[in-house]
Amino acid sequence: MGTLATESLDRSKQGANILAENDAQALLDSLEGWSLISIDDVSRAEKTYQFKDFQQALTFTNQVGALAEDVGHHPALLTEWGKVTVTWWSHDLGGVHRNDLIMAARTERLKS
């Protein structure tokens, strides 16, 4: 997670490319428990976090939401009793951009 979490998001048009699956997976390998999944042929980075109750899950959801709002880059969040599933991908690009993995690393840092 080290340097990935501290990288700045790339807001340039030149950087607006999805990562090849093997490149995305190589970066995800440094983040424990994160997986590269595909839904409707769109790659996404996803992890489910476990909590002891709904309140802890909701608190984490709100922390991720605040993190996302600060940079204007938002995940899909599914909050359930005792767990939160966080899914990052770039909707407009139709896949995983490096920014999504930066945000996954920052999400991981929240839980640490």
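The values are calculated or read from the model by the stated rules, or taken from the named source; none is laboratory data. Predicted, not measured: the structure shown is a model, and the values here were computed from it. A quick note on method: Cβ atoms are made from the backbone with ideal geometry, for glycine too, and the neighbour counts reach across all protein chains shown. When the accessible area is computed, the model is the full protein with side chains, heavy atoms only, and any ligands, DNA or RNA have been set aside. Shrake-Rupley method; radii C 1.70, N 1.55, O 1.52, S 1.80 Å.
The table that follows gives values for the structure above.
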read-out: Viscosity 1.002 mPa s, 20 °C: Kirkwood-radius Stokes-Einstein D of the chain over Cα pairs, µm²/s; value: 152
read-out: Dipole of the chain, positive direction: furthest Cα of GLY94, ALA66, ALA104, with charges on the beta-carbon; value: ALA66
read-out: Mean projected area in nm² (Cα convex hull; one quarter of hull surface) for segment 1-48; value: 4.2
read-out: Acute angle (nearest 10 degrees) that the helix 98-111 long axis makes with the longest principal axis of the chain, alpha-carbon atoms; value: 20
read-out: For the chain: relative contact order, % (alpha-carbon pairs under 8 angstrom, 6 or more apart); value: 35
read-out: Other-chain or far-sequence residues with amide H under 5 Å of SER43's (modelled H); value: VAL96
read-out: Solvent-accessible area per residue for segment 1-95 (1.4 angstrom probe, square angstrom); value: 59
read-out: Gain upon complete extension [LEU78, THR6; 0.36 nm per residue less C-alpha separation]; value: 23.4 nm
read-out: log₁₀ of I(q)/I(0) at q = 0.19, 0.28, 0.33 Å⁻¹ - segment 54-96, Debye sum with one point per alpha carbon; value: -0.58, -0.95, -1.11
read-out: Anchor LYS47: lysines whose Cα lies under 16 Å away (excluding residues fewer than 8 positions away in-chain); value: LYS83, LYS111
read-out: Net length gained if the chain between LYS52 and ALA16 were fully extended (0.36 nm per residue, minus Cα distance); value: 9.1 nm
read-out: Estimated [θ] at 222 nm from DSSP helical runs (n ≥ 4, -39500 (n - 2.57)) normalised by residues in the chain, nearest 500; value: -11500 deg cm²/dmol
read-out: Crossing angle, helix 54-71 versus the chain [Cα axis fit, 0-90 degrees, rounded to tens]; value: 30
